[in-house]
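*Asks:* Input: one structure, supplied below.
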Amino acid sequence: MNKELNEKEKLNKEELNKEEQSNKKKASVESHQSHVHEFLASTKLAEEGDDRHNHRFAGVTSEVIPRGNSHIHVLMTNTDFLDHHHEVAIETGPAIRVSDDKHVHFVKGTTTLDDGHVHQLEFATLIQKPLV
């Protein structure tokens, strides 16, 4: 009887160990971070005459969002403040390879409507992990 209990305990410990290892693998996969891109750009000019102006903005994209056979990123930021500012919330285009292991993303869109106008924007993100 003791031998049977020892065998059952041994099997239970093995099962728990396997389950623990499996959970660690799942946690590792789920917590694995992908990459991001820095960006800095200027909006296109808006308004006319003395009110004609543009804005600058910068930030870091979200992590990878799989899309088709590539991926995109989301970026959310505010422009600089003149006597007003705009918000930028937009998805990048898919990855554009610039070398064997590096890529950028093209971004095109419009800011929010503030102070009676919007700004068009068009730029490329910076290369991911530029020093690695």
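The values are calculated or read from the model by the stated rules, or taken from the named source; none is laboratory data. What you see is a predicted model, and the numbers here were worked out from it, not measured in a lab. Cβ coordinates were reconstructed from backbone atoms using ideal geometry, including for glycine residues, and neighbour counts include every protein chain displayed. Quick note on the areas: whole protein, heavy atoms, side chains included, nothing else; ligands and nucleic acids left out. Shrake-Rupley method; radii C 1.70, N 1.55, O 1.52, S 1.80 Å.
*Asks:* With the structure loaded, tell me whether L126 is open to solvent by 50 Å² or more (accessible area, probe 1.4 Å), in a loop (DSSP other than H, G, I, E, B), touching a strand residue (DSSP E or B) at 6+ places or on another chain (Cβ under 8 Å) and not acidic (D, E) or whether it fails that test.
*Replies:* Here the answer is yes, as L126 does meet what is asked.
*Asks:* Taking the condition of being open to solvent by 80 Å² or more (accessible area, probe 1.4 Å) and not in a loop (DSSP other than H, G, I, E, B), how many residues in the range 32-62 meet it?
*Replies:* 6
*Asks:* Hey, among the residues in the range 83-100 that are assigned to a strand (DSSP E or B) and hydrophobic (A, V, I, L, M, F, W, C), which one's surrounded by the most Cβ atoms within 10 Å (Cβ to Cβ)?
*Replies:* Taking the candidates together, the pick is V88.
*Asks:* Right, here's the next one. Within the range 63-82, is even one residue over 25 Å from A95 (Cβ atoms), at pLDDT below 95 and open to solvent by 90 Å² or more (accessible area, probe 1.4 Å)?
*Replies:* Yes, there is a match, as at least one residue in the range 63-82 is over 25 Å from A95 (Cβ atoms), at pLDDT below 95 and open to solvent by 90 Å² or more (accessible area, probe 1.4 Å).
*Asks:* Identify all residues within the range 110-123 that are in a strand (DSSP E or B) and in contact (Cβ under 8 Å) with a residue 60 or more places away in the chain; write none if there are none.
*Replies:* Matches in the range 110-123: H117, Q120, L121, E122, F123.
*Asks:* Just the residues that are open to solvent by 80 Å² or more (accessible area, probe 1.4 Å) and either under 21 Å from the mean Cα position of the chain (by Cα) or under 14 Å from E38 (Cβ atoms) (or both), please, taken from the range 101-123.
*Replies:* D101, F106, K108, E122
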